[in-house]
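Novice: Take a look at this one; I'll ask things after.
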Amino acid sequence: MARAAKRAWQRMLSGRRLDLLDPTPMDIEIADIAHGLAFVARWNGQTRGDWAYTVAEHSLLVEQIHARADPDCEPRWRLAALLHDAPEYVIGDMISPVKAAIGSEYGEMDARLAAAIHRRFGLPAQLPVAVRRAIKRADRISAWLEAIQIAGFSRAEADRLFPAPEPELLQGLEIRLRPPLETRNAYLARFNALIEEMDRKS
């Protein structure tokens, strides 16, 4: 008798059933993304403070840094920055050493989910190379700030692992630790603001 296929989908709080191996834009809701990311800890939870520093909070910071680095950036690319880690609402946030040990499978799943998420919210499935690089730079600057402020890295360690940012990019920015539902609501509010700005420009 043939062995039954293993389940590859997850039931979301919205009621959607998301197939991790073959995700479609129709199965993706921003409320699910915001809720999930607000409960996923960055740095495997190894951060100072009474609350986990979540992927939702990190994504808000990356979008801020990305916008500061390119003040004339189109709102759709700022939305792409906010959504840059969105697949982690279902596959979690793996630290780089674990990703290296697992190999390409995690990256492939992440890419499939990212493409579906982008299409769901009016972005190209594959971002332009220049946009991808700019978002990655903001992501690494955010990691530098997180490393020294809450993850226990020395400044020298952070400088070796991540690009040392220009001071003006970080002026007035702070790492925020707050209850997950506050972070979820902040993420949703920023998403809605960017969608409204995209609609005005279209």
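The values are calculated or read from the model by the stated rules, or taken from the named source; none is laboratory data. Please read all numbers here as calculations on a predicted model, not as lab measurements. Cβ: placed from backbone, ideal geometry, glycine included. Neighbour counts: every protein chain shown. Just the protein is used for accessible areas: all its heavy atoms, side chains included, with ligands, DNA and RNA removed. Shrake-Rupley method; radii C 1.70, N 1.55, O 1.52, S 1.80 Å.
Novice: Whole percent per 5 Å bin, from 0 to the bin with the longest distance: what is P(r) over all C-alpha pairs of the chain?
Specialist: Final binned percentages: 1, 7, 15, 19, 21, 17, 11, 5, 2, 1, 1, 0, 0.
Novice: Determine the relative contact order of the chain: mean sequence separation of Cα pairs under 8 Å and six or more apart, normalised by residue count, in whole percent.
Specialist: In percent, rounded to a whole number, it is 28.
Novice: Using the Cα centre of region 19-103 as the reference point, and only Cβ charges (+1 on K/R, -1 on D/E), how large is the resulting charge dipole? Debye, rounded to the nearest 20.
Specialist: Using only the charged Cβ atoms, the result is roughly 400 debye.
Novice: Considering only protein heavy atoms, what is the solvent-accessible area of residue 177 at a probe of 1.4 Å, reported in Å² to the nearest 10?
Specialist: We get 60 Å² for residue 177.
Novice: Taking all protein chains together and a probe of 1.4 Å, list 63, 197, 174, 166 from the most accessible to the least accessible.
Specialist: 174, 166, 197, 63
Novice: Separate question: Would you mind telling me which residue in 170, 61, 145 has the biggest mean-square fluctuation in a Gaussian network model of the chain, where springs connect alpha carbons within a distance under 10 angstrom?
Specialist: With Cα springs under 10 Å in the chain, the top fluctuation among 170, 61, 145 is at 170.
Novice: Please arrange 183, 24 by accessible surface area, largest first, computed with a 1.4 Å probe and ligands excluded.
Specialist: The ranking, largest first, comes out as 24, 183.
Novice: Using the basic label-point model (7 angstrom from Cα toward the beta carbon), what is the residue 104 to residue 14 distance in nanometres?
Specialist: About 3.1 nm separates the two model spin labels.
Novice: Can you tally the net charge around residue 192? Count Lys and Arg as +1, Asp and Glu as -1, for every other residue whose Cβ sits under 14 Å from the Cβ of residue 192.
Specialist: Counting the neighbours of residue 192, the net charge comes to -1.
Novice: Tell me the relative contact order for region 1-77 as a rounded percent, counting alpha carbon contacts under 8 Å between residues six or more apart.
Specialist: 16 percent
Novice: Rounded to the nearest 500 deg cm²/dmol, what is the calculated helix-only ellipticity per residue at 222 nm for the chain, with -39500 (n - 2.57) per DSSP H run of length n ≥ 4?
Specialist: Per the formula, -17000 deg cm²/dmol.
Novice: Another one. Counting only protein heavy atoms, what percent of the accessible surface of region 113-152 is carbon or sulfur at a 1.4 Å probe?
Specialist: Result for region 113-152: 53 percent of the exposed heavy-atom area is carbon or sulfur.
Novice: Send over a whole-number figure in Å² for the accessible area per residue of region 5-46, probe 1.4 Å.
Specialist: 60 Å²
Novice: Moving to a separate point now. For residue 201, tell me the accessible area in Å² from a 1.4 Å probe, rounded to the nearest 10.
Specialist: Accessible area of residue 201: about 140 Å².
Novice: Assign unit charges at the C-beta atoms only (+1 for Lys and Arg, -1 for Asp and Glu), then state the dipole size of region 1-159 relative to its Cα centre in Debye, rounded to the nearest 20.
Specialist: For region 1-159, the charge dipole is close to 340 debye.
Novice: Keeping every protein chain in place, order 202, 96, 14, 59 by accessible area at 1.4 Å, biggest value first, i.e. largest first.
Specialist: 202, 96, 14, 59
Novice: Grab the other residues whose beta carbon is less than 11 angstrom from that of residue 175, score K and R as +1, D and E as -1, and report the net.
Specialist: Local charge sum for residue 175: +1.
Novice: Give, as a single signed number, the net charge of other residues whose beta carbon lies under 10 Å from the beta carbon of residue 55, with Lys and Arg counted +1 and Asp and Glu -1.
Specialist: -3
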